[in-house]
Amino acid sequence: MSVPLSQMWTVATYVLGQRLRGRSRYPLVLMLEPLFRCNLACAGCGKIQYPGHILKRHLSVEQCLAAVEECGAPMVSIPGGEPLMYPDIGRLASELIARKKYIYLCTNAILLREKLDAFTPSKYLSFSVHMDGLREEHDDAVCRDGVFDVAVDAIREALRRGFRVTTNTTLFDGANPLRMREFFDAMMDLGVEGMMVSPGYSYSKAPDQEHFLRRQRAHELFRMMLNNPKKRWRFNQSPIFLQFLMGKHDFECTPWGNPTYNLFGWQRPCYLLQEGYAASFRELMESTRWEDYGRRSGNAKCRDCMVHCGYEPTAVNHTFGSWRGFRDTVVATVTGRL
């Protein structure tokens with residue numbers, strides 16, 4: 001695993017503090033969407049299918065910071081849309097760093113090279129670059145030729161300037177496990193700090209509805225992809241979550257672990273589903289019918305979901321919820337075996 005020790009310590013003490021207070025529901029990562037606008041139109045994305053007048057809007061920095069303070073999570077993920085199109089992204093990142101929040105700025109990297117001057121390298125800031133495989137697979141996933149090469153060039157420049165860089169990869173049906181192992185090698189050769197992987201979620205508004213992974217197929221793919229992982233591979237996520245993807249754990253979703261705040265407020269129940277909004281974080285936590293979501297609820301929209309924003313918090317809770325969970329995490333972290 002590749003998470004810096006300072007970040008691991010911050011998360012561990014935060015989670016243990018929540019448990020000591022007897023809280024069973026608490027946020028781990030705030031998914032902060034300052035805008036929905038993007039410079040790509042990926043076939044599997046359901047986040048940019050808004051009318052033009054919505055895509056032109058964005059949150060103010062003050063609204064973003066108020067949500068961060070209200071939520072209190074130690075980590076902030078800034079997805080979108082494309083957050084590098086947010087006009088105040090440099091100021092927002094600086095303000096979050098000043099508050100010692102660990103930031104994952106999720107970007108397709110098309111604008112990364114030209115925007116780097118707006119940022120200062122920090123242990124609190126990581127550019128999480130969307131990379132859905134090697135050149136052919138990635139360019140096909142984002143529906144535009146040449147994006148892979150642009151992203152690789154931007155990653156090299158960001159690393160040269162001393163920034164933390166990770167990758168995030170969404171996999172769909174038809175992904176080739178051998179090609180993905182080659183991709184992991186390529187990202188390690190490139191020098192990124194770590195990689196995140198997750199099966200895609202079947203957004204109802206996404207143009208491509210044919211290639212979302214179903215649960216059993218996802219387990220098969222991740223087993224073939226992650227069995228006997230190379231020691232040089234570094235993943236920027238819980239090893240227990242990776243084992244869950246491989247079918248070694250039967251977890252339930254923790255939708256409140258990664259709450260989402262965007263133009264419309266606090267999104268119910270999670271980053272992936274849009275079933276209403278709350279005016280405050282407290283209202284989100286106290287009035288959402290959490291029992292209506294997750295695989296065991298019988299909700300058809302949750303049946304095949306295995307996405308990290310729902311299950312990574314479950315894996316973290318498992319780590320600190322029992323000696324066995326803690327032991328399994330330590331063993332996987334130290335040995336690299338999944």
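The values are calculated or read from the model by the stated rules, or taken from the named source; none is laboratory data. Being a predicted model, the structure only gives us computed values, none of them experimental. A quick note on method: Cβ atoms are made from the backbone with ideal geometry, for glycine too, and the neighbour counts reach across all protein chains shown. Surface accessibility is based on the protein's heavy atoms, side chains included, excluding ligands, DNA and RNA. Shrake-Rupley method; radii C 1.70, N 1.55, O 1.52, S 1.80 Å.
A few remarks follow.
- Gyration tensor verdict on the chain (Cα atoms; rounded if a/c is under 1.5, prolate if a/b is larger than b/c, oblate otherwise): rounded
- In the chain, the calculated helix contribution to ellipticity at 222 nm averages -11500 deg cm²/dmol per residue, counting -39,500 (n - 2.57) for every DSSP H run with n ≥ 4.
- Net charge in the neighbourhood of R57 (other residues with Cβ under 12 Å of its Cβ; Lys, Arg +1, Asp, Glu -1) is +1.
- Nonpolar atom fraction for the chain, defined as the carbon and sulfur part of the 1.4 Å probe accessible area, stands at 51 percent.
- With a cut-off of 12 Å between beta carbons, the residues surrounding M306 carry a summed charge of +1, where Lys and Arg count +1 and Asp and Glu -1.
- Label-to-label distance, nm, for residues given as L55 and R215 (7 Å Cα→Cβ offset): 3.5 nm
- Isolated Cys residues of the chain, judged by Cβ distance under 4.7 Å to other cysteines: C38, C64, C71, C106, C143, C253, C270, C302, C305, C309
- Residues in region 126-148 reached by a label modelled at R156 [backbone nitrogen below 14 Å; 7 Å Cα→Cβ]: 148
- Spacing of the two label points (7 Å from each Cα toward its C-beta) at S6 and E62, in nm: 3.1 nm
- The label point for R135 and the one for F264, both projected 7 Å from the Cα toward the Cβ, are 4.0 nm apart.
- Accessible surface calculations at 1.4 Å, restricted to protein heavy atoms, place the chain at 43 Å² per residue.
- For M195, residues with placed amide H under 5 Å, excluding near neighbours: T167, R234, F235, N236
- Counting DSSP beta bridges with both ends in the chain, the antiparallel % (nearest 5): 20 percent
- Choice from T13, T319, T120 showing the highest fluctuation, given a GNM over the chain with Cα pairs closer than 10 Å: T13
- When you filter the trypsin sites (Lys or Arg not before Pro) in region 1-52 for DSSP loop state and at most 15 other Cβ atoms inside 10 Å of their Cβ, you are left with R21, R23, R25.
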